[in-house]
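Q: Got a structure here, written out as C-alpha cells. Questions coming.
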C-alpha cells in the first residue's frame, strides 16, 4: 500500500521557539557545524491508491487540519516519488 | 440572559467561566463539545484549557468538534462569542479571528497577574470598559504568542480590531503587544489573559475581569 508523506514546517518568517531550543543545545553537545534549526512535523498517511483524487484529498486535509496556513507551509509527496506541489 | 460555556475534552476553566457569567448577572448554560446544539443560548464562551491535549496545534482539533459547526454559524450571524486562552486559539483556528497563536518566544509557560490596556470598548464583550483603561487579570499560557503577517496586523490595527494590549511586560512575544482581538463586526472576541479569574476579591488580583461578562449581559439585555 502506498504511503503519502505530508511535511509541515513553520513559515520562514515565523519564529520557531522549538527549533531555537534545539539549536541552543547543540554547542553544549559539541556540535558546532549547525548554524540554524527549524522544527516541523511529518505525517505518514497510508492510502489504498495514491491517485490524483486521493492526493487532492490529502492536499485538502493538509490545508485544513494538518497545517495552519497562517503560520505553516506544507509539502505532499508519495513515498519514493518526487515532491508533488 | 443565557450564556453558554462549551466544555471540550481537556477544558479547564469552564466552571470558572460559568461562575463569572453568574456573578455578572447572567445564566450560565453548560454546552458539550459533542452536541450539535447551542440550547438556545444568547452568547457563547469558549473557555481556557488544553482541548484534545493541545495535540497537533492548540485548538486545531477542537475546531472540528460537532458543536463548533453551530458556534461558527451563530458567530457569523452576530451572536457574541468570547474565546479565552485556548478558546482564543480555537477561534483563530476556526478563522473567526485573524492570526494565530504560537509557542511563547521565551519557551516557558508563564503565569502572572498581567496589566492590560483596553483599546476597543465597543465590542459585545468590552462595552463596560473605557478606551485607555488599564486592568489587571491573570495570564497563564505556553503558546500565547500572537502572530499574523504585517498586512494583517496593519489592517486589524487600522480597523480598531485590537481589543486589549499588554502593558509593561510582553509576556509571550505577541506581535505589537496584542493580547486580544475582535472580528470586523465586534461580536467575536478572543484574548489570551483570563478575565474569568478576576471576578471576585477572594481569589485572583481583583475584579477587573468582570467587565467582559457584564458587557455581554448588558449588550444582550438591551437588544
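Q: Scanning for something farther than 17 Å from residue B:189 by Cβ, at pLDDT 95 or above and surrounded by fewer than 24 Cβ atoms within 10 Å (Cβ to Cβ), does region B:74-90 turn up at least one residue? Spell out how you get there, then give the answer.
A: Of region B:74-90, the ones farther than 17 Å from residue B:189 by Cβ are none.
No.
Q: Across region B:95-124, what is the total count of residues that are without any contact (Cβ under 8 Å) to a residue 40 or more places away in the chain, more than 14 Å from chain A (Cβ to nearest Cβ) and either in contact with a helix residue (DSSP H, G or I) (Cβ under 9 Å, 6 or more places away or on another chain) or buried (at least 22 other Cβ atoms within 10 Å of the Cβ) (or both)? Before the answer, list the steps.
A: First, the residues of region B:95-124 that are without any contact (Cβ under 8 Å) to a residue 40 or more places away in the chain: B:95, B:107-109, B:111, B:121.
Now drop any that are not more than 14 Å from chain A (Cβ to nearest Cβ), which leaves B:111, B:121.
If we keep only those that are either in contact with a helix residue (DSSP H, G or I) (Cβ under 9 Å, 6 or more places away or on another chain) or buried (at least 22 other Cβ atoms within 10 Å of the Cβ) (or both) as well, we get B:121.
Looking only at that region, the number is 1.
Q: Could you please find all residues in region A:1-17 being within 14 Å of another protein chain (Cβ to nearest Cβ) and either more than 26 Å from residue B:151 (Cβ to Cβ) or in a loop (DSSP other than H, G, I, E, B) (or both)? Even if it seems obvious, please write down each step before you answer.
A: As a first pass, look at region A:1-17 and keep what is within 14 Å of another protein chain (Cβ to nearest Cβ): A:6, A:8-17.
Hits for region A:1-17 are A:6, A:11, A:12, A:13, A:14, A:15, A:16.
Q: Which residue, of A:44, A:75, is more than 14 Å from chain B (Cβ to nearest Cβ), touching a residue at least 60 places away in the same chain (Cβ under 8 Å) and within 13 Å of the chain's Cα centre (by Cα)?
A: A:75
Q: Please verify whether region B:125-143 includes one or more residues that are surrounded by fewer than 23 Cβ atoms within 10 Å (Cβ to Cβ), part of a loop (DSSP other than H, G, I, E, B) and within 11 Å of another protein chain (Cβ to nearest Cβ). Walk me through how you get there before you give the answer.
A: From region B:125-143, those surrounded by fewer than 23 Cβ atoms within 10 Å (Cβ to Cβ) are B:127-128, B:130-134, B:136, B:138, B:140, B:142-143; that's our starting set.
Still in the running and part of a loop (DSSP other than H, G, I, E, B): B:127-128, B:130-133, B:142-143.
Filter once more, so that each one left must be within 11 Å of another protein chain (Cβ to nearest Cβ): B:142-143.
Yes, region B:125-143 has at least one match.
Q: Count, please, the residues in region B:144-155 that happen to be assigned to a loop (DSSP other than H, G, I, E, B) and either away from chain A (no Cβ under 14 Å) or closer than 24 Å to residue B:55 by Cα (or both). Break it down into steps so the answer makes sense when it comes.
A: Here is the first cut: in region B:144-155, the ones assigned to a loop (DSSP other than H, G, I, E, B) are B:144, B:148-149.
Pick out the ones that are also either away from chain A (no Cβ under 14 Å) or closer than 24 Å to residue B:55 by Cα (or both) and you get B:144, B:148.
Counting residues in region B:144-155 that are assigned to a loop (DSSP other than H, G, I, E, B) and either away from chain A (no Cβ under 14 Å) or closer than 24 Å to residue B:55 by Cα (or both) gives 2.
Q: Still on this model: For region B:40-68, name all the residues that are within 14 Å of chain A (Cβ to nearest Cβ) and either part of a helix (DSSP H, G or I) or within 11 Å of the chain's Cα centre (by Cα) (or both).
A: Residues of region B:40-68 that are within 14 Å of chain A (Cβ to nearest Cβ), as a first pass: B:52, B:54-65, B:68.
Within region B:40-68, B:52, B:54, B:62, B:63, B:64, B:68 meet the criteria.
Q: Next question, about the same structure. Restricting attention to region A:23-38, does a residue exist that is within 12 Å of chain B (Cβ to nearest Cβ), in contact with a strand residue (DSSP E or B) (Cβ under 8 Å, 6 or more places away or on another chain) and modelled with pLDDT of 95 or more?
A: no
Q: Can I ask one more? Take residue A:65 and tell me if it is under 24 Å from residue B:91 (Cβ atoms), assigned to a helix (DSSP H, G or I), free of Cβ contacts under 8 Å to residues at least 24 places away in the same chain and within 13 Å of chain B (Cβ to nearest Cβ). Can you show your working first?
A: Values: under 24 Å from residue B:91 (Cβ atoms): yes; assigned to a helix (DSSP H, G or I): yes; free of Cβ contacts under 8 Å to residues at least 24 places away in the same chain: yes; within 13 Å of chain B (Cβ to nearest Cβ): yes.
Yes; evaluated as a whole, the condition is true for this residue.
Q: Here is a further query. I need the full set of residues from region B:156-182 which are assigned to a loop (DSSP other than H, G, I, E, B) and either free of Cβ contacts under 8 Å to residues at least 24 places away in the same chain or under 15 Å from residue B:84 (Cα atoms) (or both), in order please. Walk me through it before giving the result.
A: Going through region B:156-182, the residues assigned to a loop (DSSP other than H, G, I, E, B) turn out to be B:159-161, B:167-174.
B:170 - this is the single residue of region B:156-182 that is assigned to a loop (DSSP other than H, G, I, E, B) and either free of Cβ contacts under 8 Å to residues at least 24 places away in the same chain or under 15 Å from residue B:84 (Cα atoms) (or both).
Q: Same structure again: Inside region B:85-94, can you point out the residues that are under 20 Å from residue B:16 (Cα atoms) and either within 14 Å of chain A (Cβ to nearest Cβ) or part of a loop (DSSP other than H, G, I, E, B) (or both)?
A: B:85, B:88, B:89, B:90, B:91
Q: Would you call residue A:54 in contact with a strand residue (DSSP E or B) (Cβ under 9 Å, 6 or more places away or on another chain) and over 14 Å from residue B:57 (Cβ atoms)? Talk me through it step by step, then tell me what you get.
A: Numbers: in contact with a strand residue (DSSP E or B) (Cβ under 9 Å, 6 or more places away or on another chain): yes; over 14 Å from residue B:57 (Cβ atoms): yes.
Considered against the rule, which asks whether it is in contact with a strand residue (DSSP E or B) (Cβ under 9 Å, 6 or more places away or on another chain) and over 14 Å from residue B:57 (Cβ atoms), residue A:54 comes out as yes.
Q: Tell me, yes or no, whether region B:17-32 has at least one residue that is assigned to a loop (DSSP other than H, G, I, E, B) and more than 21 Å from residue B:216 (Cβ to Cβ). Step through it out loud before you land on a result.
A: Here is the first cut: in region B:17-32, the ones assigned to a loop (DSSP other than H, G, I, E, B) are B:24-26.
Checking which are more than 21 Å from residue B:216 (Cβ to Cβ) leaves us with none.
No, region B:17-32 contains no residue that is assigned to a loop (DSSP other than H, G, I, E, B) and more than 21 Å from residue B:216 (Cβ to Cβ).
The values are calculated or read from the model by the stated rules, or taken from the named source; none is laboratory data. Just so we're clear, the structure is a prediction, and the values are computed from it rather than from any experiment. Here Cβ is always computed from backbone atoms with ideal geometry, including for glycine, and neighbour counts include all displayed protein chains.
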